[in-house]
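All remarks here apply to the structure that follows.
The values are calculated or read from the model by the stated rules, or taken from the named source; none is laboratory data. The model shown is predicted, which means the values in this text are computed figures rather than measured ones. Glycine gets a Cβ as well: all are built from the backbone with ideal geometry, and neighbour counts include every protein chain shown.
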Amino acid sequence: MRGRTRSRRGPTIARTFRIALLAVVTGLLLFPFYWTLLTSLQPRGAIYKTHPSLLPEAFRWQSYLEIFQLRPFDLWLQNSLLIAAGTTALSMALGIPAAYSLARFAYQGKRSLGMVVLITQMLPASLIVVPIYLAFLRFGLLESKIGVILAHASMTLPYAIWMLRGFFETIPMEVLEAAMVDGCSRLRAMLRISLPLAVPGIVGAGLYVFETSWNEYLFARTFISRGENMVVSVGISTFIGEYTVFWHQIMAAAVISALPAFIIFFVFQRFLVQGLSSGAVKG
Amino acid sequence: MSVPTSPRLHANPPFLSAARRRTRVDFLPYLLFLPALLAIGAVLFYPVVQAILISLRAYYLPKVATSGTPFIGLANYRAISEAPEFWHALLFNAVYTVGSVVGLYVLSLLVAMLLNDEFRGRGLFRALVIVPWAVPYVVAALTWIWIFDIQFGVLNSVLLRTGVIEKAVPWLLSPNWAKFSVILSTIWKQFPFAAIMLLAGLQGIPRELYEAADVDGASALGRFRYVTLPGLHNVSLLVILLSGIQIFKLFTVIYLLTAGGPGHATETLVVQTYLEAFSTFDMGRASAIGVVTLVITLVFSFLLIRFGYREEAKT
Amino acid sequence: MMPRRLTAILLVLLVGLAIAPGAALAAKTALRMGTWQADDPAFGPFYKEAIAAFQKANPDLEIVLEHSPSAAYWDKLLTQIATKNAPDIMKFAGYNFHEYVAMNALEALDGFLAKTDILRRFYPVQKSFPVVDGKAYAVILMQRGTAVYYNMRMLQEAGLAIPKDLKQLAEAAKKLTKKRGAETVQYGLGLRTDPKHQDVQEYTLLFALAYGSHWSANGKWVLTDPKVIQGVQFAKDLYDAGVSPLSAQPNLLRELFWQEKLAMQIDGPWYYAQIEKGNPKMLKDVGSFLLPTAGGGGAVSTGGPMNLIGVSSNSKFKAEAWKFIEFISQSEWQRKFADASFNVPGMKGALSAEFLKANPWFGTFQEAIDVAEQIPPPGFETKFSPFRKTMNGALGDIFILGKPVQETLKAAQGELEKLATR
């Protein structure tokens, strides 16, 4: 049996220590986000202090309302969600077969194909944005969510493929061979056996794609200018005015923009660590 | 169901190597790969080719109207190789990537191992760990700039008040501190992805191996060395490869924090590419730096995969 | 005998084809306009109103606003220019004007201008109209002139008069800096020194100008000229004396001033709206004066056109795009611009008499426009962007890292001289 979490291993003291350590580490890691939250609650004049207080001194919630009033923030959230979901769907639909191909087959040019997709990621984004803009211009893909989805998918597919490949490779051969003995075709073996076993990998890759698309800034801002398609990552920077930075608003927007991704992750994280379904392979 | 009819079954991997057994080519693996290849190629093929071609031309925007974009061969490459900033950026890029990847890996491993425990509320912790990654780059950068501010930043404030330092540290304003700060922020922003992957990898280590180690009387450290680390070998490689590629060309963090400054101290190749294109308007030279970036990344990836990858041990 | 469904389809197609040309005639011409100010509390409403009024007056034209956040706008515009997809109506900053002209991004407007009286009503040609090789490539949206805002109450309390030369300025700045223990509770003079922010060289230029020199002269870089060195050294000495927050960004200084923690702030007319929004009560204490020359007896300012509007050379609707520019150049709209944003538009005398009466100190900014020197170094306008990066880097080294002024400027000059070879 594989991969169950190591529960009740070792003495309770050691475990308590580990949990305490986790709490401390998490706390430290989240401090910058805590700081963002704190700043979003400050009134406007209180930001610049040489020794800022570590604890909240004010609870000015209005910033959270203001951002929705001052900007179509809900529209941005919606657009970001649609684009991220679209990118995830596309990347998974195309990436899973490709990864499976790399993991479970041996054929000419396999290694090269794997490298080729990765090579496309090695050029700086700032360089390729102009030619892509030109191509999108010619094909009418500017100012559209589809264009951004396509661009994001091209950015995330290679990573998704490599991640998924890694997970597909951990599925023991015996499982698939057993299925083949039972008369499964190769495709059916892939769909009915391998996929369910690779759920942690698929969820992981899917979350990666979602997050990357959600946060992506350069392509989104270059390909979209009209208000109706604006996304969160670009829209937030509109709080950085030409002459002033509206700190408390931008931090409030920051907190809100992190929420959807966090919630989705929270919902899906249990699939990440689910072990293989029991009884799949004997000992 | 009785006798296996498929002639393509072997006991040894790769189990579906049709090419050896049959005379005609097996199309299935190619077909599986094709849609992804098309999608990526449709968007990126033209830009990649364009970038390479432009790097061989003189493409200085303010002069294009009058002199066009003549072919100049490797002149752009020669020009950048003669610029000290280029070599400096190359060196810092290496330092930045190695520093960030190592820091990120150690941190992720620690967090993944801590998260591997079973306890109530671990779902919440697992989700919390994702937060640095969930925050948009612009926001993360602003927050860090704020925290690192020499006069009003909380980091200096805390360090001064607790007496750890006597004078405010110019986190983003002195060349060496800026390099450190940029690496720190990158680790913070990028580690969740690695932690998740390593966690999933830890899940994949068969329990029997740990039990066997216990039976043999291994200590916690022994278990770590002989079961955990080897079990994570391929996942670790994957993590290092993917985050390495990402970080090598990571632009947003550095650009938003220091814009490559102070001076040229935190300029990496991608930052230089951007500045050449959007500040100096020299597309030719920018493309040349971009191609160099691609070649370097390619060589390292190739080496890493070639010498690091191990076939997964089968039970 | 055709199947019924097919007939229906053909009928629809025929009808469609019949209507289509008519529809095309009735369709509006869409003019794209780029902006980074759609969300700005001052400019946003003005453009909204102007566009609505323009569309009403020209029913066959429609303006589609393409908005990008301020930081992102410039890269995007460059991408659009490079791919010949720039918006029909181009709004942009004065700094980059010469660069865009060199890239052939703008259409010459002399033909259009000749039919209007804009040249007569707007600021004088030589000083402000973006003219290159005798052709006008844009119309001014907003003028700039920098001067020193000061807190009258603070100066009075310290018994100081308005500084008449740089020495007095330095004394005032130091006297107005108050500390409580290790922490500074009041700063004397705001100096922009964050090397990441584009303003550094622009505002330090003021001090070089006060000593009598720009960064370049007669087609050559003169960073090692004693006047320039003195100017930079002056700013540096003040910085070292602690009169300004360390590595200050403009936002910080602006907030501090209206929070009444900063006595003097060098800025442009646009700052007024911020004070009003941040702390309207202090407006009565706000005064202004022009930065004096080093030895006194004169004043310096930096300025020139801040925002410009033009027609992109790749536009397919140049005449129509010009119509909008002509529209907002009318006196009525110029005055509306001034009222809405408290900024000086292209037209002379646009600010209302009532406003000036209520805010007498604003007059300084009008004067500033007349004395203002252009910001891009003369003779090197087409290299402004790379120049700015190098110069800001050098100044950052001087202010923050404490590198010696003369050497650093010399090194910067070396780098700048290499730019010419591109």
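Structure above, values below:
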| quantity | calculated |
| --- | --- |
| Flag for C:Phe342 being more than 28 Å from C:Arg32 (Cβ to Cβ), in the same structural domain as C:Phe97 (by TED's automatic domain parsing) and crowded, with 19+ Cβ neighbours inside 10 Å | yes |
| Matching residues in segment C:392-405 - criterion: being modelled with pLDDT of 90 or more and outside any helix (DSSP H, G or I) | C:Lys403, C:Pro404 |
| Helices (runs of 4 or more DSSP H) wholly inside segment A:152-264 containing at least 3 residues that are out of contact with any Lys or Arg (no Cβ under 7 Å at 6 or more places or on another chain) and β-branched (Val, Ile, Thr) | A:199-215 |
| Segment B:52-95, residues that are part of a helix (DSSP H, G or I), closer than 27 Å to C:Ala105 by Cα and more than 14 Å from chain C (Cβ to nearest Cβ) | B:Ile52, B:Leu53 |
| Qualifying positions in segment A:61-96 - farther than 17 Å from A:Lys145 by Cβ and touching a residue at least 24 places away in the same chain (Cβ under 8 Å) | A:Ser63, A:Tyr64, A:Glu66, A:Ile67, A:Leu70, A:Arg71, A:Phe73, A:Met92, A:Leu94, A:Gly95, A:Ile96 |
| Segment B:264-285, subset at the interface with chain A (Cβ under 8 Å from one of its Cβ atoms) and more than 19 Å from the chain's Cα centre (by Cα), residue surrounded by the fewest Cβ atoms within 10 Å (Cβ to Cβ) | B:Phe278 |
| Only one of C:Leu206, C:Leu252, C:Leu291, C:Leu283 that is among the aliphatic types (A, V, I, L, M) and under 18 Å from the mean Cα position of the chain (by Cα) | C:Leu206 |
| Single match in C:Lys410, C:Lys389 (criterion: closer than 24 Å to C:Asp75 by Cα, at pLDDT 85 or above and assigned to a helix (DSSP H, G or I)) | C:Lys389 |
| Residue satisfying condition, being at pLDDT 90 or above and part of a loop (DSSP other than H, G, I, E, B), within set B:Trp144, B:Trp171 | B:Trp171 |
| Hits in segment A:118-138 (condition: among the polar types (S, T, N, Q) and at pLDDT below 85) | A:Ser126 |
| Helices (runs of 4 or more DSSP H) (entirely within segment C:302-385) containing at least 1 residues that are of a type outside the set (Phe, Trp, Tyr) and closer than 20 Å to C:Lys135 by Cα | C:318-328 |
| Every pair of residues 6+ apart whose Cβ atoms lie under 7 Å, when the first sits in segment A:40-60 and is closer than 19 Å to B:Ser157 by Cα and modelled with pLDDT under 75 while the second is in a loop (DSSP other than H, G, I, E, B) and aromatic (Phe, Trp, Tyr) | A:Tyr48/B:Phe152; A:Lys49/B:Phe152; A:Thr50/B:Phe152 |
| Matching residues, segment A:190-248, being touching a residue at least 60 places away in the same chain (Cβ under 8 Å), facing chain C (nearest Cβ under 8 Å) and charged (D, E, K, R) | A:Arg226 |
| For B:Arg285: the one exception among (1) of a type outside the set (Asp, Glu); (2) without any contact (Cβ under 8 Å) to a residue 40 or more places away in the chain; (3) touching a helix residue (DSSP H, G or I) at 6+ places or on another chain (Cβ under 7 Å) | (2) |
| Boolean, A:Ser112 is of a type in the set (Ser, Thr, Tyr), surrounded by fewer than 21 Cβ atoms within 10 Å (Cβ to Cβ), more than 9 Å from chain B (Cβ to nearest Cβ) and free of Cβ contacts under 8 Å to residues at least 24 places away in the same chain | yes |
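To keep it simple, each residue is scored yes or no on (1) buried (at least 21 other Cβ atoms within 10 Å of the Cβ); (2) closer than 14 Å to A:Ala205 by Cβ; (3) assigned by TED's automatic domain parsing to the domain that holds A:Pro196.
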{"site": "A:Asn79", "(1), (2), (3)": "yes, no, yes"}
{"site": "A:Leu82", "(1), (2), (3)": "no, no, yes"}
{"site": "A:Leu94", "(1), (2), (3)": "yes, yes, yes"}
{"site": "A:Tyr100", "(1), (2), (3)": "yes, yes, yes"}
{"site": "A:Gly140", "(1), (2), (3)": "no, no, yes"}
{"site": "A:Arg165", "(1), (2), (3)": "yes, yes, yes"}
